[in-house]
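Encoded as structure tokens, the structure appears first; notes follow it.
No value in this document is a laboratory result; all are computed from the given coordinates. Everything quoted here is computed from the prediction, not taken from an experiment. All Cβ positions, even for glycine, are placed from backbone atoms using ideal geometry, and neighbour counts span all protein chains on display.
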Amino acid sequence: MADDSIPRRGFLVGAGTALAAGLASPAPVDAQTAPAASTAPTAVPAPADAEPLLTLNATEAAFIVAAVDTLIPADELSPSGSACGVAAFIDRQLAGAYGSGARLYRAGPFRNGKPELGYQLALTPREFFRAGVAAANDWTRKTYGRELDRLKEADREAALRAMEAGKAEFVGLGGKAFFEALLQITMEGFFADPIYGGNRDMASWKMVGYPGLPATYREDIKRYFGKRYDKAPQSIADFS
């Protein structure tokens, strides 16, 4: 990739340091050659063992699976984002207190704020993601002729990069704000305790050598000082 300042999976540095996918401008629909029927990309399939959805509809779930698998592709480091349960984590979070905005002040007034002030919309996180997925798919249909989950891999990457760069014009909300919220919840799902639905089989913890739940490491620090920590990680479920 020519611009590797923020490479694919670049946010998987250390124990969860976040860097987004790099920036690039997508090619418009009329500048692309339509693929032959036999080579047309198909929708990104849901994992075979996908959990029942709690709040996402089929279109939203397909978008989330495609997005998290683009941000966290399967490789020698770990399985793909959806295979690690990230899409299930997002569905659970949006179905619960976080999704309903239980801890957000929502009485208004809602004015345009500076970027450093953070989220300023009247929407709950669930409503925000619903609107964001719809706006993103509208934009990719106009730009590439298909919804995000039906794009080729390179086009999915370019679409997310355009959102990150603020180059994707969404109706009703900012494409950059949506990308940042999507990236944040994707990272949370990948690195959180598996009890919340993501980080299946503690794949990310094994990848970075994170020990998991135990809060006291005094003896292990002595034992493993200057050595590789080779103990298997433990989750909340292991102590329940």
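If the reach is capped at under 25 angstrom between alpha carbons, list the lysines near K231, excluding any in the same chain fewer than eight residues apart.
K206, K222
Relative contact order of the stretch 58-138: what whole-number percent is it, with Cα pairs under 8 angstrom and at least 6 residues apart?
Values: 52 pairs, mean separation 20.3, N = 81.
Reported as a whole number, the value is 25 percent.
Residue-wise, which Karplus ³J(HN,Hα) couplings in Hz belong to the stretch 80-86, taking 6.51 cos²θ - 1.76 cosθ + 1.60, θ = phi - 60°, and x for glycine or proline?
So the J values, rounded to whole Hz, are 5, x, 5, 5, 8, x, 5.
To make sure I understand the rule: partners must be lysines, Cα under 29 Å from the Cα of K152, and not fewer than 8 residues away in the same chain. Which ones qualify?
Straight-line reach from K152, under 29 Å: K142, K167, K176.
Could you calculate the contour length gain from L77 to A58, that is, 0.36 nm times the residue separation minus the distance between their Cα atoms, to one decimal place in nm? Please report the intermediate quantities before stating the final value.
Details: separation 19, 0.36 × 19 = 6.84 nm, distance 2.88 nm.
Value of the extension gain: 4.0 nm.
Over the stretch 121-229, calculate the relative contact order: mean separation of alpha carbon pairs under 8 Å at least 6 apart, over the residue count, as a percent.
Details: 72 pairs, mean separation 14.7, N = 109.
This gives 13 percent for the stretch 121-229.
Order of 58-69, 207-218, 92-103 by packing, highest average Cβ count within 10 Å first?
On the way: 58-69: 23.1, 207-218: 12.4, 92-103: 16.2.
Order by mean packing, descending: 58-69, 92-103, 207-218.
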